[in-house]
Amino acid sequence: MTAAHEKGFFTEENSVEVVTGRNADARNERLKFAMEVITRKLHEAVKEIEPTQDEWFEAIMFLTRTGHLCTEWRQEFILLSDVLGVSMLVDAINNRKPSGASESTVLGPFHVADAPELPMGANICLDHKGEDMVISGRVLDTRGRPLADAVLDVWQANDEGFYDVQQKGIQPDFNLRGVFRTGPDGRYWFRAVKPKYYPIPDDGTVGKLLGALGRHPYRPAHLHYIIRADGFETLTTHIFDPDDPYINSDAVFGVKESLLAEFRKVDDPKRASALEFAGPFWEVEHDFVLAPE
Ligand code: BEZ
Ligand code: FE
C-alpha cells in the first residue's frame, strides 16, 4: 500500500523527495529535520561527484576502517571531524561570545579529568626537559573585574611535542598538567616549558587522508585551558605561539587571532633565580575574560 506521503518510485531526479518523504512519520522533529538536510546535501554531493561503484565502496571502506580504529583511547571520527573543520564549526556555533569575552577553541583528545590541583606558581614540568617558561595573567569578567576562585585546568605537550598520556612510562604521569585556583585579584601564574608543535595522531585513516590531500598533520605550539567560575560560561581554549612555523596552517583549524599570545625571551639572571630557572627563560602573559552564564 502506498502512504499519502510516498513520492513514487526512486529516480535520479526525485531521489531526495522520495527518501525524505519516507521520514514523514518520524517522532523526533529535530532528527527528521537533520536527516532531511543531510539527505539533501549528500545526494547533491553524489550527483555532483558521480562516483563510480568502486569509488563509493572505497569511501565506505574508509569509514569502516575509521570505525575500527576507535577504542576507549582513540576516537578517529573526532579526528576526522577536526581535520574537516567541523569540530571548529560546532564550537563556533555553540560559543558565540559577547564582545570582550575570550574566544574558545577545540578541546582535543588529551585532556585528563583528574589532574592535581597545585599551589599558584607551581612548576608543572616534572621531568625538567625543555626551555623554562613562566605563564601568568588574570581571569576577568567582561567589565574587567577580577574573578576570584576561578579554576584553570591547564595542559600542554612537552618540548618534543608529546603529551604525557602519549608517552606513559617515558614522561611522568601528569607531566605538564595542573589545576590552579585564582585568589581575590583574579591572578594566576605557573611555570612550565615552552611547548612545541606536534602532529595529531596520523598513523590511521585520517593521517592517510591528510597525506593524500597534500596536507601536513601539525598543530602549532599551544597551551590548553579549561577555565571555570561560578556564574560564568566555562571557557575551553588555547593560547598559541605566534612564531610557530604552523601557526597559519593548524591541521584542525583551531587558531584565532585573539588566541595568539606573546612569547618573550627573558635574559635576567635575578628573575631567573627567583623563579628557580637556571638561565634565560620564556615569559607569556595572557588574560582571560569569561562570559556571564
Ligand atoms: C590537541 O590540541 O590536543 C588536539 C586537538 C585536536 C586533535 C588532536 C589534538
Ligand atoms: Fe594540544
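The values are calculated or read from the model by the stated rules, or taken from the named source; none is laboratory data. Note that the coordinates shown come from a computational prediction; the quantities given were computed from them, not determined experimentally. All Cβ positions, glycine included, derive from the backbone under ideal geometry; neighbour counts span all protein chains shown. Calculation scope for accessible area: heavy atoms of the full protein, side chains included, ligands and nucleic acids excluded. Shrake-Rupley method; radii C 1.70, N 1.55, O 1.52, S 1.80 Å.
Some values worked out for this structure:
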| quantity | calculated |
| --- | --- |
| Test: I227 is open to solvent by 10 Å² or more (accessible area, probe 1.4 Å) and of a type outside the set (G, A, S) | no |
| Tally of residues being within 16 Å of ligand 1 (Cβ to nearest atom), open to solvent by 50 Å² or more (accessible area, probe 1.4 Å) and of a type in the set (A, V, I, L, M) across segment 143-175 | 1 |
| Any hit, segment 273-287, residues being surrounded by fewer than 12 Cβ atoms within 10 Å (Cβ to Cβ), assigned to a helix (DSSP H, G or I) and over 17 Å from the mean Cα position of the chain (by Cα) | yes |
| Where a residue in segment 247-272 is in the same structural domain as M133 (by TED's automatic domain parsing) and its partner, wherever it lies, is in a helix (DSSP H, G or I) and open to solvent by 60 Å² or more (accessible area, probe 1.4 Å), with Cβ under 9 Å and at least six apart | F253/L89 |
| Among (1) touching a residue at least 60 places away in the same chain (Cβ under 8 Å); (2) open to solvent by 50 Å² or more (accessible area, probe 1.4 Å); (3) within 13 Å of ligand 1 (Cβ to nearest atom), the one test that F110 misses | (2) |
| Segment 234-249, subset touching a strand residue (DSSP E or B) at 6+ places or on another chain (Cβ under 6 Å) and surrounded by fewer than 23 Cβ atoms within 10 Å (Cβ to Cβ), residue farthest from V193 (Cα to Cα) | T234 |
| Qualifying residue in segment 177-185 (condition: part of a loop (DSSP other than H, G, I, E, B) and within 14 Å of ligand 2 (Cβ to nearest atom)) | no |
| Counted residues, segment 203-224 - those being touching a residue at least 60 places away in the same chain (Cβ under 8 Å) and surrounded by fewer than 17 Cβ atoms within 10 Å (Cβ to Cβ) | 1 |
| Tally of residues being open to solvent by 10 Å² or more (accessible area, probe 1.4 Å), over 22 Å from P245 (Cα atoms) and of a type outside the set (G, A, S) across segment 176-202 | 7 |
